[in-house]
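Please read the structure below before turning to the comments.
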Amino acid sequence: MQKILSIFLVLLLAACSSTTQTTSGRSYLDRHYVSSSNKQDGAKTEGFSLEEAILKAAAVEPALKFPARIGIARIKNRGLGAISGEEVAQWKELQAKLGASFGEFIPVNPITADIASAQAQIDAKSQIDPISKIRLGAARQHLDAVFIYEVYNDENSEANLLSIANITIIGAYILPSNRVNVKSYANGILIDVIQGYPYGTAEAFVEKDSLTSRNFKSEKRRNLRSEGEVEAVHKLAIEAEEMFKNLRGELANK
């Protein structure tokens, strides 16, 4: 819940937004790296220093070139899930808007990701995290980068002045007595499949609100949640379009 509320506060400020990154890891390290003769010993974490981990994280380069094979992966229930036909259609519509010079969107297949992850596991007791699993599946499908996105819902319902209908049998059916509010958030990140370079992010927010009777409150909530997710992904695709256009221009000028 705290994670969702944090995302909500950010999205209230930004509504919908996107970012891009094309900076060079090599240039970054040239500017900031201090030679081993002048540095102090770094803090150790799991057998290697924090500085070594930072240097490894920084040493990545933007390698994406268009047209490209861009994977689409939706996280559901903390794992890779299937993408609905309605959402696939939205990404294909975005593909058409971006044109042939962009490339194509290809859903990351959950079964392919499962197989690649199973073959990659050396220790049967270990668990591969969802992002790594998606990258493994995308690599097996020979994708250049993958746009990973997730949709959250935050919902509440409150009684209004008509809640007196709750004490009657007939009134509960003919008078709306509860207000149902559902907020849907969608955010995504585009990363390089091989090296994990973060090319850009996009996020969107939708709020759905409706009156309903007590008896149909759960059904209304489900409907609003479903509608909110679809609209949030639609808005996310709009922000992703801006991200991809900016990214293509920045990479072309490098």
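Please go through the stretch 185-197 and pick out each residue that is of a type outside the set (Asp, Glu), touching an Asp or Glu at 6+ places or on another chain (Cβ under 8 Å) and either modelled with pLDDT under 75 or in a strand (DSSP E or B) (or both). TYR185, ALA186, ASN187, GLY188 - these are the residues of the stretch 185-197 that are of a type outside the set (Asp, Glu), touching an Asp or Glu at 6+ places or on another chain (Cβ under 8 Å) and either modelled with pLDDT under 75 or in a strand (DSSP E or B) (or both).
Suppose we filter GLU207, GLU155, GLU150 for residues that are modelled with pLDDT of 50 or more, part of a strand (DSSP E or B), open to solvent by 50 Å² or more (accessible area, probe 1.4 Å) and under 18 Å from LYS76 (Cβ atoms); which single one remains? Write out each step before concluding.
Working: GLU207 fails: under 18 Å from LYS76 (Cβ atoms); GLU150 fails: open to solvent by 50 Å² or more (accessible area, probe 1.4 Å).
After ruling out the rest, the residue left standing is GLU155.
From the list ILE75, ILE83, ILE70, the one residue that fits, being surrounded by 13 or more Cβ atoms within 10 Å (Cβ to Cβ), within 21 Å of ARG140 (Cβ to Cβ) and at pLDDT 95 or above, is ILE70.
Residue check: THR168 meets all listed conditions (1) at pLDDT below 90; (2) among the hydroxyl-bearing types (Ser, Thr, Tyr); (3) open to solvent by less than 40 Å² (accessible area, probe 1.4 Å) but one, namely (3).
Yes or no, residue by residue, for (1) modelled with pLDDT of 90 or more; (2) over 15 Å from the mean Cα position of the chain (by Cα); (3) closer than 30 Å to ASN109 by Cα:
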residue: ALA172; (1), (2), (3): no, yes, no
residue: SER177; (1), (2), (3): no, yes, no
residue: GLY200; (1), (2), (3): yes, no, yes
residue: SER218; (1), (2), (3): no, yes, no
residue: ASN223; (1), (2), (3): no, yes, yes
residue: GLU229; (1), (2), (3): no, no, yes
residue: HIS234; (1), (2), (3): yes, no, yes
residue: ALA237; (1), (2), (3): yes, no, yes
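Just to be sure I understand, how many residues within the stretch 77-116 are in contact with a strand residue (DSSP E or B) (Cβ under 8 Å, 6 or more places away or on another chain) and β-branched (Val, Ile, Thr)? The qualifying residues number 4.
Please indicate, with yes or no, whether at least one residue in the stretch 3-20 is at pLDDT 90 or above and open to solvent by less than 90 Å² (accessible area, probe 1.4 Å). Taking every residue of the stretch 3-20 in turn, at least one turns out to be at pLDDT 90 or above and open to solvent by less than 90 Å² (accessible area, probe 1.4 Å).
Restricting attention to the stretch 86-100, the residues being open to solvent by 70 Å² or more (accessible area, probe 1.4 Å) and out of contact with any Asp or Glu (no Cβ under 7 Å at 6 or more places or on another chain) number 5. Determine if the stretch 37-54 includes at least one residue that is out of contact with any strand residue (DSSP E or B) (no Cβ under 8 Å at 6 or more places or on another chain), modelled with pLDDT of 85 or more and open to solvent by 70 Å² or more (accessible area, probe 1.4 Å). Among the residues of the stretch 37-54, at least one is out of contact with any strand residue (DSSP E or B) (no Cβ under 8 Å at 6 or more places or on another chain), modelled with pLDDT of 85 or more and open to solvent by 70 Å² or more (accessible area, probe 1.4 Å), which makes the answer yes.
The values are calculated or read from the model by the stated rules, or taken from the named source; none is laboratory data. Just so it is clear, the structure is predicted and the values come from calculations on it, not from any experiment. So basically every Cβ, Gly included, is an ideal-geometry build from the backbone, and we count neighbours across all protein chains shown. When the accessible area is computed, the model is the full protein with side chains, heavy atoms only, and any ligands, DNA or RNA have been set aside. Shrake-Rupley method; radii C 1.70, N 1.55, O 1.52, S 1.80 Å.
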